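Chemist: Just passing along the structure, written as structure tokens.
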Amino acid sequence: MNKRKILVTVGTRPEAVKMAPLIGRLQKEDWAECRVLATAQHRGMLDQVLDLFKIHADVDLDIMQPNQSLPELTSRLITRLDQVLDVEKPDVVLAQGDTTTVLTAALACFYRRIPFGHVEAGLRTGDLDNPFPEEMNRVVASRLARWHFAPTQSSRQNLLREGVNDASIFVTGNTVIDALLDVAGRCDGEAPYQGERRLILVTSHRRENFGEGFRNILRAIKAVADANEDTHILYPVHPNPNVRDPAHEHLGGHPRITLCEPLSYLPFVAAMKQAYLILTDSGGVQEEAPALGKPVLVMRRETERPEAVEHEVVKLVGTDFDEIVSSVQRLLDDPAEYQRMARGVSPYGDGLASGRIVDVLKRHFGA
Ligand code: UD1
Ligand code: UDP
């Protein structure tokens with residue numbers, strides 16, 4: 001039997017984390033030829049993940065430019081992706097999530113009439129401005145996808161509400177939990193914080209927060225550090241200059257705040273395990289931290305990941321200074337509140353999502 005060519009795209013750090021387990025599974029299938037296409041929308045942060053999971057990119061577009069704008073990234077990607085599809089002629093293209101890489105991969109496949117499978121399908125806030133531009137990217141990807149691999153029943157419902165055919169939706173869980181369970185079992189020697197204080201782990205990079213929202217976040221982080229001598233803040237700073245420059249300007253030099261480069265996934269998972277609580281606007285961290293039993297305060301007004309909020313292990317605190325500071329303080333001061341949020345639930349997956357996705361494709365090809 002001729003092998004089916006499955007082209008898996010990865011552009012940014014979270015896509016690589018979430019596609020790594022799926023690539024690993026596909027590479028073991030005798031009916032499939034798995035080819036990896038790195039757009040390298042992120043360069044350094046993508047390579048950190050590819051190195052960790054020993055993934056070799058068969059095609060690397062090396063597209064990233066410093067402080068890239070969305071329109072020029074989109075236009076360069078769509079042109080280059082079309083050239084790759086012309087040469088590779090895959091039977092299926094798989095992309096994950098809601099980045100510009102995903103939007104352009106879906107569109108490039110549509111123009112060439114190549115079936116497109118969307119991993120982590122159906123997440124919605126219902127607000128095109130939040131997260132920006134990711135909500136639009138997801139909506140378009142769903143409109144163009146042949147297979148929708150939804151992490152949860154609620155994401156499936158979002159797709160059904162938009163008129164997606166139920167027969168093309170598969171609730172698989174989120175592959176991020178596959179990656180997390182793999183790495184969480186082998187990261188303990190990598191813990192980045194060596195002190196005795198309670199560790200607060202911070203990440204922040206969302207475009208819709210740039211400007212006033214992000215300045216509030218930075219002021220709040222400093223206020224928490226100033227008011228709590230028994231805590232230490234570890235903040236691996238996203239390399240986007242819109243994040244890196246103000247973060248160093250406002251927080252650099254504080255004795256209880258460590259600003260560092262983005263951590264590789266192994267030490268980052270170790271840091272999540274070490275953390276007393278996590279303050280973030282990341283999507284992936286909202287999915288991972290509850291599975292590790294860590295309370296998460298999300299610095300966004302809305303989330304497309306409502307499940308952990310419903311379990312009350314994730315709380316939305318927006319980008320308001322007072323709301324962030326008082327929510328952190330409550331978790332630091334109130335053991336009952338802390339225990340309630342540190343229960344450890346995993347609404348996004350059981351570690352078996354990649355296998356379910358492979359099974360769907362295998363059945364499709366009658367393999
Ligand atoms: C992108 C995604 C966002 C995702 C985030 C994960 C889009 C529109 N946004 O946002 O959904 O949550 O990745 O982190 O696709 N940079 C580096 N080195 C790197 C990575 C980034 O220097 O390894 C800098 C570059 O200056 C680059 C800038 O960050 O131009 C922005 O990168 P980009 O991928 O456009 O946007 P993100 O904010 O990272
Ligand atoms: N992560 C990492 N190192 C860091 C910060 C985050 O490996 O310094 C991981 C994190 O565990 C998660 C993913 O990167 O798996 C999330 O990426 P990011 O927050 O950049 O993107 P989002 O999930 O918001 O799209």
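The values are calculated or read from the model by the stated rules, or taken from the named source; none is laboratory data. Every value quoted in this text rests on a predicted model; they were computed, and no experiment measured them. As a convention, Cβ positions derive from the backbone with ideal geometry for all residues, glycine included, and neighbour counts pool all protein chains shown. SASA here: full protein model, heavy atoms, side chains in, ligands and nucleic acids out. Shrake-Rupley method; radii C 1.70, N 1.55, O 1.52, S 1.80 Å.
Chemist: Rounded to a whole number of µm²/s, how large is the Stokes-Einstein D of segment 227-316 at 20 °C and 1.002 mPa s, given Rh as the Kirkwood radius over C-alpha pairs? It would help to have the intermediate numbers written out before the result.
Modeler: On the way: Rh = 14.1 Å.
Rounded to a whole number, D works out at 152 µm²/s.
Chemist: Per q in 0.15, 0.28 Å⁻¹, report the Debye log10 I(q)/I(0) for segment 306-367, using one uniform scatterer on each alpha carbon and no solvent.
Modeler: Reported log10 I(q)/I(0), two decimals: -0.63, -1.13.
Chemist: Using every alpha carbon pair in the chain, what percent of pairs falls into each 20 Å bin from 0 up to the bin containing the largest distance?
Modeler: The percentages, shortest bin first, are 30, 59, 11, 0.
Chemist: Quickly work out the residue 310-to-residue 56 label distance, labels modelled 7 Å from Cα along the C-beta direction, and quote it in nm with one decimal.
Modeler: The modelled label-to-label distance comes out at 4.4 nm.
Chemist: Still on this structure, please answer the following. Restricting to DSSP H runs of at least four residues, report the calculated mean residue ellipticity at 222 nm for the chain, -39500 (n - 2.57) per run over all residues, nearest 500 deg cm²/dmol. Show your work: numbers first, answer last.
Modeler: Numbers: 15 runs with 169 residues, N = 367.
Result for the chain: -14000 deg cm²/dmol, rounded to the nearest 500.
Chemist: If one takes the longest principal axis of the Cα atoms in the chain, at what angle in degrees, from 0 to 90 and to the nearest 10, does the Cα axis of helix 134-144 lie?
Modeler: With rounding to tens, the tilt is 20 degrees.
Chemist: In a shell of Cβ-Cβ distance under 15 Å around residue 246, excluding residue 246 itself, what net charge do Lys and Arg (+1) and Asp and Glu (-1) give?
Modeler: Numbers: positive: 206, 207, 215, 219, 222, 244; negative: 212, 245, 249, 281.
Summing Lys and Arg as +1 and Asp and Glu as -1 gives +2.
Chemist: Using the basic label-point model (7 angstrom from Cα toward the beta carbon), what is the residue 144 to residue 227 distance in nanometres?
Modeler: Taking the two extended label points, one gets 4.6 nm.
Chemist: Separation between the residue 352 and residue 326 pseudo-spin-labels, each 7 Å from Cα along Cα→Cβ, expressed in nm?
Modeler: 4.4
Chemist: Between residue 254 and residue 110, what is 0.36 nm times their sequence separation minus the Cα-Cα distance? Round to one decimal in nm.
Modeler: 46.8 nm
Chemist: Report the calculated FRET efficiency for residue 68 and residue 336 (r = Cβ-Cβ distance, R0 = 51 Å), to the nearest 0.05. Walk me through the numbers before you get to the answer.
Modeler: On the way: r = 46 Å, r/R0 = 0.90.
Efficiency at R0 = 51 Å is approximately 0.65.
Chemist: Next question. Anyone know which of 237, 84, 269 comes out most mobile in the 10 Å Cα GNM of the chain?
Modeler: Of 237, 84, 269, the most mobile in the Gaussian network model is 84.
Chemist: Using 1/(1 + (r/R0)^6) with R0 = 35 angstrom and r between the beta carbons of residue 359 and residue 75, what's the FRET efficiency to the nearest 0.05? Could you put the intermediate results ahead of the total?
Modeler: Working: r = 37 Å, r/R0 = 1.05.
The formula returns an efficiency of 0.45 here.
Chemist: Still on this structure, I have one more. Over what distance in Å are the Cα centres of segment 1-80 and segment 240-294 separated?
Modeler: Cα centres, segment 1-80 to segment 240-294: 24 Å.
Chemist: Considering only protein heavy atoms and a probe of 1.4 Å, how much of the accessible area of the chain is carbon and sulfur, as a whole percent?
Modeler: Working: 7200 of 14850 Å².
Whole-percent figure for carbon plus sulfur exposure: 48.
Chemist: Can you give the net charge of the other residues whose Cβ lies under 12 Å from the Cβ of residue 341, counting K and R as +1 and D and E as -1? Display every interim value, and only then the final one.
Modeler: Working: positive: 294, 315, 330, 340, 343; negative: 312, 334, 337.
Counting the neighbours of residue 341, the net charge comes to +2.
Chemist: If you look at just the Cα atoms of segment 138-194, how large are its Rg and its Dmax in Å?
Modeler: For segment 138-194, the Cα-based Rg and Dmax read 16.5, 51 Å.
Chemist: Return, ordered by residue number, the residues of segment 78-122 whose backbone nitrogen is under 14 Å from a label point located 7 Å along Cα→Cβ of residue 136.
Modeler: 99-101, 103-104, by backbone N distance to the label point.
Chemist: Hey, another quick one. How large is the Kirkwood hydrodynamic radius of segment 37-126, counting all unique pairs of alpha carbons, in Å? Numbers along the way, then the final one.
Modeler: Working: mean 1/r = 0.0723 Å⁻¹.
In segment 37-126 this quantity evaluates to 13.8 Å.
Chemist: Tell me, what is the FRET efficiency for residue 127 and residue 3 to the nearest 0.05, using R0 = 51 angstrom and their Cβ-Cβ distance as r?
Modeler: Working: r = 42 Å, r/R0 = 0.83.
It comes out at approximately 0.75.
Chemist: Let me ask something else about it. Using Cα springs under 10 Å in a Gaussian network model of the chain, which residue among 67, 174, 130 shows the largest mean-square fluctuation?
Modeler: Maximum among the listed residues: 67.
Chemist: Lys and Arg at +1, Asp and Glu at -1: add these up for the other residues within a Cβ distance under 10 Å of residue 38 and post the number. Mind showing how you got there, number by number?
Modeler: Numbers: positive: 43; negative: 15, 47, 58, 60, 62.
Summing Lys/Arg as +1 and Asp/Glu as -1 gives -4.
Chemist: Taking the solvent-accessible surface of protein heavy atoms with a 1.4 Å probe, what is the per residue accessible area of the chain in Å²?
Modeler: On the way: 14850 Å² over 367 residues.
On a per-residue basis, 40 Å².
Chemist: So what is the diffusion coefficient of segment 167-211 in µm² per second by Stokes-Einstein at 4 °C and 1.567 mPa s, using a Kirkwood Rh over Cα pairs? All intermediate terms of the calculation are to be shown ahead of the outcome.
Modeler: On the way: Rh = 14.8 Å.
Roughly 87 µm²/s, to the nearest whole number.
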